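Here, each number is a calculation from the coordinates, and none is a lab measurement. What you see is a predicted model, and the numbers here were worked out from it, not measured in a lab. So basically every Cβ, Gly included, is an ideal-geometry build from the backbone, and we count neighbours across all protein chains shown.
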Amino acid sequence: MDFVFPDLASAPLSRSINSFDIMVTYQEAILTETEQLIENINKLNGTIERVNNTETKQAIEKLRQVEQKMDLVYTFFKASMYANNIHSEDSEAELSSSTNRPSFDNTNNDQE
């Protein structure tokens, strides 16, 4: 429902254009556009309300599940890293104790 404003330049000279009629036409056009704007705002408000009440809660629940899974994976990763470090320290201790070679640590250098 598009409103077309009257073209004053193309009006015949014999017909007098009443300024009151033009003002009423403009008022009707403004009222129509305002009503459409109010309807669109109400639709937008309903959509935002629906998104906030349902879809946001669902997204938050999905993110919580992902966070729990990530925490579990992180815990397993840290435990495996700890186990690898302990295993490698034990292996190094076994290798150094099984040889007759002296340790080459730089901490026992008393030479200056």
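Here the spin labels are modelled as points 7 Å beyond Cα on the Cα-Cβ line, and at Gln58 and Glu28 they lie 4.5 nm apart. Using Cβ point charges alone (K and R +1, D and E -1), the dipole size of region 26-81 about the Cα centre works out to roughly 660 debye.
The count of lysine pairs in region 19-96 with alpha-carbon distances below 27 Å, taking only pairs 8 or more places apart or on different chains, stands at 4.
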